[in-house]
Structure formats: structure tokens, C-alpha cells
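Have a look at the structure below before the remarks.
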Amino acid sequence: MNRLDIQLPGLDLKNPIMPASGCFGFGREFAQLYDLSKLGAIMIKATTVKPRLGNPTPRVAETPAGMLNAIGLQNPGLEKVMAEELPWLERYDVPIIANVAGSTTEDYVEVARRISTAPNVKALELNISCPNVKQGGITFGTDPVVARELVEQVKAVSKVPVYVKLSPNVTNIVEMAQAVEIGGADGITMINTLIGMRLDEKTGKPLIANVTGGLSGPAVKPIAIRMVYEVYKEVDIPIIGMGGVSCVQDVIDFMSAGASAVAVGTMNFVDPFICPKLIDELPAKLDELGVKHIKEIIGRSHRP
Amino acid sequence: MNRLDIQLPGLDLKNPIMPASGCFGFGREFAQLYDLSKLGAIMIKATTVKPRLGNPTPRVAETPAGMLNAIGLQNPGLEKVMAEELPWLERYDVPIIANVAGSTTEDYVEVARRISTAPNVKALELNISCPNVKQGGITFGTDPVVARELVEQVKAVSKVPVYVKLSPNVTNIVEMAQAVEIGGADGITMINTLIGMRLDEKTGKPLIANVTGGLSGPAVKPIAIRMVYEVYKEVDIPIIGMGGVSCVQDVIDFMSAGASAVAVGTMNFVDPFICPKLIDELPAKLDELGVKHIKEIIGRSHRP
Amino acid sequence: MIQQERMTVVRQREIAKNIFEMTLQGQIVQEMTPGQFVHIRVSNLLDPLLRRPISIASIQKDSNEFTVIYRVQGRGTNVLSQKQIGDEVDVLGPLGNGFPVDAVQEGQTALLVGGGIGVPPLYELSKQLNDRGVRTIHVFGFQTEEACFYEEEFTKLGETYYVTNDGSKGFKGFVTDLLNELKPDFDVFYSCGPLPMLRALSSMYENKKGYLSLEERMGCGIGACFACICRTEEGQEKDYVKICSDGPVFEKGVVKI
Amino acid sequence: MIQQERMTVVRQREIAKNIFEMTLQGQIVQEMTPGQFVHIRVSNLLDPLLRRPISIASIQKDSNEFTVIYRVQGRGTNVLSQKQIGDEVDVLGPLGNGFPVDAVQEGQTALLVGGGIGVPPLYELSKQLNDRGVRTIHVFGFQTEEACFYEEEFTKLGETYYVTNDGSKGFKGFVTDLLNELKPDFDVFYSCGPLPMLRALSSMYENKKGYLSLEERMGCGIGACFACICRTEEGQEKDYVKICSDGPVFEKGVVKI
Ligand SMILES: Cc1cc2nc3c(=O)[nH]c(=O)nc-3n(C[C@H](O)[C@H](O)[C@H](O)COP(=O)(O)OP(=O)(O)OC[C@H]3O[C@@H](n4cnc5c(N)ncnc54)[C@H](O)[C@@H]3O)c2cc1C
Ligand SMILES: Cc1cc2nc3c(=O)[nH]c(=O)nc-3n(C[C@H](O)[C@H](O)[C@H](O)COP(=O)(O)OP(=O)(O)OC[C@H]3O[C@@H](n4cnc5c(N)ncnc54)[C@H](O)[C@@H]3O)c2cc1C
Ligand SMILES: Cc1cc2nc3c(=O)[nH]c(=O)nc-3n(C[C@H](O)[C@H](O)[C@H](O)COP(=O)(O)O)c2cc1C
Ligand SMILES: Cc1cc2nc3c(=O)[nH]c(=O)nc-3n(C[C@H](O)[C@H](O)[C@H](O)COP(=O)(O)O)c2cc1C
Ligand code: FES
Ligand code: FES
């Protein structure tokens, strides 16, 4: 019996563990390290209509128990992703969640329409929350009306279920979640990074060339857990939780708070084998918790 | 020559270092450890009209490079603070910043009116941002119109300058800062804690009795620095910066980003001597940076 | 006086499953009394961040040493258990108010009841009571035999009974079950352990003088942050106490447990 | 193949002011070539979080050992410098593409130019070039005498010149000043050090074949995160390279520096 499988709109997951978008490229590098078919799914790097070269360097900085990044959605563009990256990934038995980004509604719609036709793309992750792109990007993620409309338009063209990735940089995360649910989202992924900054010690100038960067890693986990917990109570669509996952207990925590699956971002850099390790460690953890199937712990924080 | 003194509305600071509200009680405990006159100022614990017993325990939980707290503004109430705590603090040559809290405008106004008459209270810190009180509290801190009106009313009764403490749990921190500036705030203190959660590993239930708690400590520093940096650019009133200060470099960072003084919260628990240590270490740091007076570094991140 | 000191590890060993005994050397030992605790920073880095409260298990003033006994539970105690002889540990202490040794007179009998990791502070207490000519009876509850420690040490000081939940050592059951059978004759009791045990003891010995040592999650450990509050019973002067600075030891009946 | 291994510290010593030489033992040594780097996790805890990229300074395949030389700069390298013999260190490697040793033929001459903490990878390179019968000339720049290391080691391998900014050791000035005087005769140059030095060398030896090792802040170290991108010069196949996986060594003229 598989104690770890999870069914979500469009996604038949062998297990609830997947690398988070932007932290795993298009899988090629990690494929040198382990068999990608082991993963529950792969969230590939944000794809935009045109290739993007991203922000100037330095693009990353370490912070206490976390890191800042301002990659700037560097990616080879829709054409190349469709022609090279996705077909290459077909050799693995793993569903792909395509992270869709853009600066205008038209951009998002175009990427969604095309990329959702790739045979191994089983779901889209609408990235309305990247804090590192200057135009548009962030407003989609902080205004519920704009977000809802975008989701409606993307849903109208996508061949596969659409998950919307929420930004934590808002006063009211529940309002955002409800807006995208009304817009027709099939699921929610959360959280993206928090906007942060680090200064150069000598000059006092921002260390990241883009001035601000997105904060991720264990430092943000308490915020992510809180948001998943709040959103779970108020929406009926499933949540893929992320933000600081660094050990198997964190997976349990996110699922307890209400996530149906869990993505791992930053920690892939610290321990490149973390995803398969977590998958291997889960059954013993279930035993410890006296649980037969991992589904049983989804949302247990909320049970009386 | 004193290389560390800072002049702010109502406050003649020997140095820019002060303990943050709620992390130092009313000073009695730390007075056992060192001479409080050494400090630039003391931000005393939130005071409300009536005594408050606060939230049930557990009230704190550790997180990666941070902690959560939900004390719930426990305090002996305005009468006792005026009659016992503030007079006791008069033995020290240190300006007191009184943290004013409440659930209604009337509460805030009442505390502000009375506490601002205490001889050693040189400024108020209007706590519109405590995430751990259920009624009112948090909306003051997330709605710019409500915040501005509250500031106006408090300014009308206060005998001393009023600093407003901003919540980081907002989409747009600059908007909040501008609102309180228009409302007449003499300064801004920032940031209060971020709303977070931790779950019990075995049960999956919230570990903190209050369910959510406020995240503080080094983990939040990148967010705090970013917010100080953004606000400094858009307001003309001074900022007292805080959020994760753990070493002298952090003091430099906050001041570089635009703070005129710096408060230390959580790290008082980890190293109870941190405030005097930072004060002692600052001159050598100024030498290292080739700076005569600490004022010279305020806002240096923004200089071309 | 509360001090912060970098103390040196002079001994560290596992004395039961996941239970470590560590001896530290430094000046602040001179100020320690039984039932007080220290607040230990296990790393100079930012993770784990907070200090860990650990009871003082024994005090050797002549050699400037004191001993703690702790269970490896989470990340902090795990880091602590990896310290080696010669390593330095940042200790804040001594903290709080310990057991009043003079609440019982020479020739009288004290009953010491401990549960699990609540046993350690009772060791220094027992030593000091015995030094004062007080007879001590020790009744300690543990989960299983594997978790038991210090039997020899306590036996030297007085009558000693071990109780385990699974009966793998000594009496099977809870300490209160054994006490019901034993019906020991004593003047004052001192106790440290899980709340249900403290509650049961308090009602069992309603008419006896007794002292309880409590636990709560802590921030500062010195009374400044209001993390470790406990409500008091009706009729007390204050509505609440701080476990770190008013306690951790309270006379029975003072706090709501 | 990239592997993650818990390697054992077999040696650690301070060889110049704040400069440490550490030797680690483990299997992945077998895969290493000069100019590659390893990505080191200095703590199992969450602070410091990210791995630190450090160049491979020398390789001893027979004993499964390799050596790094690093400057204690921030928190991570500080933690690393406290590791003791027998401690384990989490190493990911070997990473990237190193110096092409076969770009210069037996009997030819290679000029190795290093600046500060860019010198270490040139040591294994020099050893391997000498093994192949290549003559090596070493020109190294440091801030002051205190920061200099490995003079003896390099001198054994070939002509060696030290340059210090303050003249406290060897020639006073920059390496390029010395090279202007020295006008060495060579076939290929290899270089690692600060960007201004690499730029100066590239224009100084415009017509020579040369290889530069670059640095950038890294996330993953394996090519997945796009942290360490560098734009390429016009006419290259790709617009950009990743320093971690395409480099850190590039032929002169490939990347915009
Ligand atoms: C006054 C006092 C005396 C104590 N004496 C002893 C002793 O002598 N021996 C011993 O083994 N244990 C003792 N404890 C319990 C001990 O403090 C915890 O087991 C320890 O803090 C757990 O830390 P961790 O890093 O292993 O666990 P983690 O789960 O990593 O701890 C996370 C956070 O929760 C806190 N925490 C977790 N469990 C407890 C607890 N039971 N009580 C208080 N805080 C907790 C930690 O201090 C830390 O802040 C005492 C507690 C108190 C309050
Ligand atoms: C391919 C490569 C090879 C290197 N080889 C060596 C070597 O052999 N010896 C040596 O002393 N140093 C080397 N460095 C530089 C070394 O990585 C940094 O000095 C080190 O990461 C600083 O870490 P810290 O903890 O001391 O500083 P911190 O300031 O705490 O570092 C904070 C963060 O910034 C990064 N960082 C800081 N400075 C640098 C830098 N110069 N380059 C890249 N990342 C940096 C750190 O990796 C970390 O993520 C190399 C760098 C690269 C990219
Ligand atoms: C280097 C880096 C690049 C990222 N790129 C993307 C991206 O392209 N699209 C996206 O939706 N999220 C991106 N993210 C956010 C992560 O997918 C994830 O939401 C976030 O990092 C929180 O998870 P973590 O704490 O486990 O890293 C990126 C994060 C990092 C660290
Ligand atoms: C235990 C605790 C209690 C706090 N109580 C208050 C309070 O009463 N009033 C207030 O304005 N802020 C309160 N704060 C917030 C701090 O003053 C400070 O804004 C925040 O902790 C960020 O700083 P730090 O990271 O240095 O702790 C409290 C923080 C902590 C950790
Ligand atoms: S732990 Fe801070 S008051 Fe007790
Ligand atoms: S460090 Fe991640 S791509 Fe180079």
C-alpha cells in the first residue's frame, strides 16, 4: 500500500513532496543527483512569453535562517521551454506543474494557453506573487479584484487545472485566497517570498543589485504556516504549502495546517537530496504519529 | 566628545540604543543586571487603561532564528504604571518612551493623556500594531484612515511627542507611514511583530494558546530593514528601527537604512546584556567605518 | 545575583536513555541554591535562538562546579549533548527561587516526589536536607526502566522508591499509587514533575505543608517578558506569578495548577 | 559526478592571518580536478544556512584527501575555522569546470597569476602542470605580508613572485605592475582573483591564451537557481553563463567582466 499518494485536481501524486518553482530549474541539474521519478511532482521555473535575462548580480544574500533572492524570473522563454525543457522532462514519470509568469494579463494568458498543452504539464501555477519583477507582477498578487480577473482569463484558456501562487506580502491573505477561488482557481500554492533587504556591511548599500529580494527559507516558516492555517479555514480548494520546509516535521506541520502537498524551495540548495530524503522519511514519521495514510493528517490542526 | 548622541523629538538620547517595548518590562529585572542610565532610552511595556492579565500560556515558542509571542499586553494598568513603575524609573537618568495600547480610541486617548504627564515620559509610542489582542488593536495598524484619525486624537491630548509603531503585516507600509505622518506623528517606530504560528509536533495543534503569535528576532530583520528603507524615503519624521537586532552590525544596518535610533527586542532574552554591549561596541565600529559621529550613517544606504 | 558566565564543561555523560548529566565550572556556582535553575544558551549562532531552562541538580561549591541532568528532547538539548569537555557554555543564573530547605526541621522527615526530568533538582535538595539532619524519603516516577537514573545516589541519602509506568523497574503505576500503599509518615513534601502529578499530590496531601516546582515555556527567564505566567488561587495577593522569577518553586495552594 | 559526503577533518591550521588550511578526507576526492570547487555546509543547524563555495587547493588521491585554503571573512567561514580534527563536514562536490591543464604542452610555460584568496586553486594547477612537464611562473598579489601563504610550496614548483599592496613583502604594488616590469615569457596564463586584476590581465595579454576563474554569490552551486549568472561577450553562443556549473573557469573573452 502506498501510504503517501495524494490526488489533487490534475495531479496524481505518488507522494506530497515536490521542489518549489525557481529552486529546481527545469530539473536537469538535480537529475544528475537522483531519479526525478521519485518526486511527487516538479514545479518548474517561472516561464514567460519571451526569454528573460533577469536581474543584475548579486542576486542572492544569506539572512538568519533564510536567504534573499532577486533572480528576476530569468528563463529561456516559452518557445524553448516547450521545445526543449518539457520534452526532456518526459523521460521521468513525474507530473509537471508549470509556473506561469508575466507582466501583463496577455502575457499570462499566452503562456498558460500554450504551456498547458504540453503532455506532461498536469497543472499550472499562476505566479501572481513574484516580488522581483518591477512591472505588474506584484500588483496582481496584492489586489483581489485584479487577481480574480486574471485567474478567470487564465482558466478560460488553460487545458489543465490552475493553481494560484499567493504572495504573503498582503494585509489579508484570506481575501486574496477567496478572490482566486471565486475566479475559478483549482488550487492554491503558498507562500511566495516576503520582500526583504540586506545591506552591505561596509558601504550600507543594498547588497542585492535589485535593491530588494524575496525572503525564503526556515525563517519564514511560521508566517507560511499561519497563512496556510488561515486560508484552509476559508476556502474549499486544496492548498500546496511551502515556505521554509527543512525537515520531515515541517512537512507534517504544513499538512496539519491544511496543505494537501508540500513544496521545498530554499533547502534544495542547502541539501540537494532533501526531497528524496523527506519522501523516504515520511513513512516512519507516520508510524510515529500512529497514522496509516498521510491524508489523515491534512488539516488536523483544525479538528476539535 | 560623545560620538553617539542623537536628538529626536522629545528625546535627548546619549546613544541610539534602547530596549524595545515588551522585551524589558518596566526595567526592574534588567536593573539587577546593569545600570539603566547607560541606555539611550527605555521603551516600557504596553500600558492599557485597566490592568490586563494577558493570554493563556504557552505564550512563546521558538522558531528558526526567531520566536513567537502572544503575551496579550499583560500589564498592571495605567494607575499602577503611573503610581509605581514610572516613579521607580525616575532614579535612572534615562528618557522613557511609554508604549500606549488599547482596544478603542478612547482607551488610547485616556492612556496617552495621563501617561504623557509623567515627568520622565519623554515620548509616547502608540502601539497600533500588536497582533495579539483580538479586538480593535490590529485594525488600527492596517487601515491608514483609522490610524491617521487615532494619531490626531492622541496628538491632541499628549503632552509629549508621539511616535507611532507600525505593523509589518500590511501590503503597503509606506501608505501607513504617510497616514500617521499626516495625522501628526512626531516619529515612527517600526517594526512590530509579524503574525506567525507554530504547531505542536505531536498533536498538530497550535503550540501557542492564542493560536497565532507575533514573530520577532533575527529571522525578521530583512523585512524590517526593507520597510525602514522604504519608509525613510517617503516620510520626513524620524524612524526608530527594530526587528531582529542581534549585533552591532545590525545597528549600523538599521541606521544606514534610515533609522535615527534602534531598539532591541527579542535578543534581550538571549543575551540580557546586549544593550550595554552594543553601546560599548559602537565607537570601535564607527572607527572601522571611518565615521566620526553615528549621525553620519543615518540613511547612508540612500546616498548616491 | 543573576550573572551571565561562560562556564566550562568539565564532565558530560549519558546516564540513561537520552538523559545526560553535565557538569559545568564557573564562579556563579557560589550563588546557587537547590531548586533554582539556569538558563543556557546552547549556541552562539542564531539557531537555536532562545536559552533553555534547566534545573540545578547538584552543587559543588568547593570546586566551583554544578551539575545539570537533562533529557535530549528537541534541537536545543541535542546541541547541548554534543558539548565536549573543555567547551564553553553561556549560562545565565542562578535564576528563580528554589526549595526552602528550612521549611523542615532537624529530625523531621521530608517526602521528595519527582517525575521524570523533574527528579534532578530534588537531588541537591535531598543532599542539603540530609546535611541538616532531615530524614528524606524519595519516591520517583519514570516511564520505563531505561529512563531511570541516580538510584544509587538517592539510596545513599534515604529510603528510595522507583515507580515505572510499565513496571519495568520498581513499582508499576504512578507515584501516587505507590504513595497510597506506602502511606509514608512525613512532615513536609517537595515535588517536581508533570502537572497531573503535582495536582494529585496537592489533593492527596491537602493538610500537609508542601512545595511544588513548576515549568512553563520561557522567554527571558528573569521576569521581564511575561511569558511564564501562572494564575494564582483566590485570596493571593497578586492575580498571577511569574514562574521564572517568583518560582519555579511555590508553596502548595499558591498557584492554580 | 556531483556527490554529497560527510567528510572528516584530518588537518586544520592557520597559515596566515585569518587564513586557514583545512584537509578533508573522503571518497569524492577521486573525482576532483584543479580549479573546481566544493560547496560546504558549515553547520547542521539553520544558521548559517547556505553552503559556502571554496576552491580545491590541492588533491591527494592516494590518501583520499583534499585541502582547501580559506579566509575567515564572515559567519560561515568562522564556524568552519572552529572545526577540529575528527569533526565531520558536509561537502557537496566536486563542482564546476576547472582549469584545462592540457591547454599548455610539455616544455611550454604557463603564467599563474593569483590575487589573495584566489591563489589556492592555482596550487593544485601548478602541481599538475609541473607533473606534465610544463614550466610555471607564479605571480601573486596580497594586501600585506601577513596575508601571504604557501611561498615555499610554490617556490618548489617554479619561479615565484609575491607582490603586496604596501610593499611589506616582495614587490610593492599590484601584480600587473610587477608583470609590466618582469615581462615574463609564457604560452598560456591562468588566473584567479579580484575582478580588477582579471580585467587588467585580460587587456594586458590580449593576444595570449588565458583562463580566468570567477566568483559570484551562489545559491545552489550546481546550476539550478540562476544566482551566479554572468553575461557573455558578444558573439558567444549563449547570452549568459552560470559561474557555478559552466565555470568557475572560463577562457578569456567568453564572459563580460
Ligand atoms: C524551570 C525549569 C526547569 C527545568 N529543568 C529541567 C531539567 O533539569 N532537566 C530537563 O531535562 N528539563 C528541564 N526543563 C525542561 C527543559 O527546559 C526543556 O526540556 C527544554 O527547554 C527543551 O528544549 P529542546 O531544545 O530540547 O526542545 P525544543 O522543542 O527545541 O524547544 C523549543 C522551545 O520550547 C521550549 N520548551 C520545550 N519544552 C519545554 C518544557 N518542558 N519546559 C519549558 N520549555 C520548554 C524550549 O526551551 C525552547 O524555547 C526545565 C524547564 C523549566 C521551565
Ligand atoms: C567558486 C568560488 C570559489 C571560492 N574559493 C575560495 C577559496 O578557495 N578560499 C576562500 O577563502 N574563499 C573562496 N571563495 C569565496 C568564499 O566563498 C567566501 O569568502 C565565503 O563564502 C564567505 O563566507 P562567510 O561565511 O565567511 O561570509 P558571509 O558574509 O557570512 O557570507 C554570507 C553569504 O555571502 C556569500 N559570500 C560572501 N562573500 C562571497 C564571495 N566573495 N564569493 C561568493 N560568495 C560570497 C557566502 O557564500 C554566503 O552565502 C570562493 C568563492 C567562489 C564563488
Ligand atoms: C532562488 C529562488 C527562485 C525562485 N523563483 C521562483 C519562481 O520563478 N517562481 C515562483 O513562483 N516562485 C519562485 N521562488 C519562490 C519559491 O518557489 C517558494 O515559494 C519560496 O522560496 C518559499 O519556499 P522556501 O522557503 O522553501 O524556499 C523562488 C525562490 C528562490 C529561493
Ligand atoms: C515577548 C514580546 C513582547 C512584546 N510586547 C510588545 C508590547 O507590549 N508592545 C509593543 O509595541 N511591542 C511589543 N513587542 C514587539 C517588540 O517591541 C518589537 O517590535 C519586535 O519584537 C521586533 O523586534 P525584535 O525582533 O528585536 O524582537 C513584543 C515583542 C516580544 C518578543
Ligand atoms: S520567562 Fe520572561 S517573565 Fe518568565
Ligand atoms: S549557484 Fe545556483 S545556478 Fe549557480
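A few notes on this one:
- For the pair A:Glu152 and D:Glu251, a Förster radius of 30 Å applied to the C-beta separation gives a FRET efficiency near 0.05, rounded to the nearest 0.05.
- Comment: the Cα-to-Cβ extended label point of A:Pro304, at 7 Å, lies 6.7 nm from its counterparts in the other copies, nearest first.
- Straight-distance crosslink candidates among aspartates and glutamates, where the alpha carbon sits under 14 Å from B:Lys159 and sequence neighbours closer than 8 are dropped: B:Glu110, B:Glu125, B:Asp186
- Global form of segment A:172-304, assessed from the alpha-carbon gyration tensor, a/c cut-off 1.5: oblate
- Sequence-separation-based contact order of chain A, relative, with Cα cut under 8 Å and 6+ spacing, percent: 19
- Under the simplified labelling scheme, the A:Val174-A:Gln249 pair shows an inter-label distance of 2.9 nm, with each label point 7 Å from Cα along Cα→Cβ.
- Remark: for residue pairs A:Lys45/A:Lys277; B:Lys165/B:Lys221; A:Lys38/A:Lys122, the C-alpha separation exceeds 19 Å in A:Lys45/A:Lys277.
- Cα shape, segment C:67-198, gyration tensor, a/c 1.5 rule: oblate
- Dipole check for the protein assembly as shown: with +1 at the C-beta of Lys and Arg, -1 at the C-beta of Asp and Glu, and the Cα centre as origin, the magnitude is about 1000 Debye.
- Here the simple spin-label model places points 7 Å from the Cα toward Cβ, and for A:Gln7 and B:Tyr34 these points are separated by 6.3 nm.
- Relative to its Kirkwood radius, the Cα radius of gyration of chain C gives an Rg/Rh of 0.95.
- Inter-copy label distances at A:Val174 (7 Å, Cα→Cβ; nm, one decimal): 3.0
- Integer Hz, Karplus 6.51/-1.76/1.60 couplings in order for segment A:111-124, x for Gly and Pro: 4, 4, 4, 6, 5, 6, 8, 5, x, 8, 7, 9, 7, 9
- Computed label-point distance, nm, for sites A:Glu201 and D:Arg132 using a 7 Å Cα→Cβ extension: 3.9
- Working note: Karplus 6.51/-1.76/1.60 with θ = phi - 60° gives segment D:221-226 the couplings x, 10, x, 9, 9, 6 Hz, where Gly and Pro are set to x.
- Protein heavy-atom surface of chain A, 1.4 angstrom probe: 51% of the accessible area is carbon and sulfur, with nucleic acids and ligands not counted.
- For peptides D:176-184, B:211-219, A:41-49, A:194-202, sequence by mean Cβ density within 10 Å, most packed first: B:211-219, A:41-49, A:194-202, D:176-184
- Dipole of segment C:214-256, positive direction: furthest Cα of C:Phe250, C:Leu214, C:Ala224, with charges on the beta-carbon: C:Ala224
- Surrounding net charge for A:Leu124, when Lys and Arg each add one and Asp and Glu each subtract one, Cβ distance under 13 Å: +3
- Rounded FRET efficiency, nearest 0.05, which uses the C-beta distance separating D:Arg6 from B:Leu53 and R0 of 56 Å: 0.65
- Relative contact order for chain D, counting Cα pairs under 8 Å that sit 6 or more residues apart, in percent: 17
- By the rule of a C-alpha distance below 18 Å, with chain neighbours fewer than 8 residues away ignored, the lysines paired with A:Lys295 are A:Lys14, A:Lys233, A:Lys285, B:Lys202, B:Lys205.
- Closest approach to the axis - chain C beta-carbon, rotation onto D, Å: C:Asp47, 2
- Whole-Hz Karplus values for segment B:173-182 come out as 6, 5, 4, 5, 5, 5, 4, 6, 5, 4 Hz, taken residue by residue from phi with 6.51 cos²θ - 1.76 cosθ + 1.60 and θ = phi - 60°; glycine and proline positions read x.
- Taking every alpha-carbon pair under 8 Å whose residues sit at least 6 apart, segment D:3-49 reaches a relative contact order of 28 percent.
- Of interest is the spacing of the C-alpha centroids, which for segment B:78-114 and segment D:130-178 amounts to 66 Å.
- Peptides ranked, highest mean first, by Cβ atoms within 10 Å: ranges B:224-231, D:209-216: B:224-231, D:209-216
- Dipole magnitude of chain A about its Cα centre (Cβ charges: Lys, Arg +1; Asp, Glu -1), debye to nearest 20: 280
- Counting only DSSP beta bridges with both residues in chain D, the antiparallel share comes to about 60 percent.
- Charge dipole (debye, nearest 20) of chain D; +1 at Cβ of Lys and Arg, -1 at Cβ of Asp and Glu: 440
- Per-residue mean of C-beta atoms belonging to partner chains within 10 Å, peptide D:209-218: 2
- Among beta bridges that DSSP assigns inside chain A, antiparallel share in %, nearest 5: 40
- Sorted from shortest to longest, the distances between the C:Glu31 label points of this copy and the other copies are 5.4 nm, with each point 7 Å from Cα along the line through the beta carbon.
- Prolate/oblate/rounded label for chain B (Cα gyration tensor, a/c 1.5): rounded
- Shielding by other protein chains, A:245-253, mean Cβ within 10 Å: 2
- Beta bridge orientation in the protein assembly as shown: antiparallel %, DSSP, nearest 5: 50
- Annotation: per residue accessible area for the protein assembly as shown equals 35 Å², rounded to a whole number [probe 1.4 Å, protein chains only].
- Expressed as a whole percent, the accessible area of chain D that falls on carbon and sulfur atoms is 43 (1.4 Å probe).
- Peptide B:287-298 shows a mean partner chain C-beta count of 1 within 10 Å per residue C-beta.
- Relative packing of D:43-55, C:151-163, which averages over residues the other C-beta atoms within 10 Å, highest first: D:43-55, C:151-163
- One Cα centroid belongs to segment C:69-102, the other to segment C:185-257; the line between them spans 21 Å.
- Positive end of the dipole of segment C:99-209 (Cβ unit charges, origin at the Cα centre): among C:Tyr150, C:Gln105, C:Gly133, the Cα lying farthest that way belongs to C:Gln105.
- Based on alpha-carbon atoms, the Kirkwood radius and the radius of gyration of segment D:3-95 give Rg/Rh equal to 0.92.
The values are calculated or read from the model by the stated rules, or taken from the named source; none is laboratory data. The model shown is predicted, which means the values in this text are computed figures rather than measured ones. Positions of Cβ are backbone-derived with ideal geometry, glycine not excepted, and every protein chain shown enters the neighbour counts. Protein only, heavy atoms only, side chains kept; ligands, DNA and RNA dropped before computing areas. Shrake-Rupley method; radii C 1.70, N 1.55, O 1.52, S 1.80 Å.
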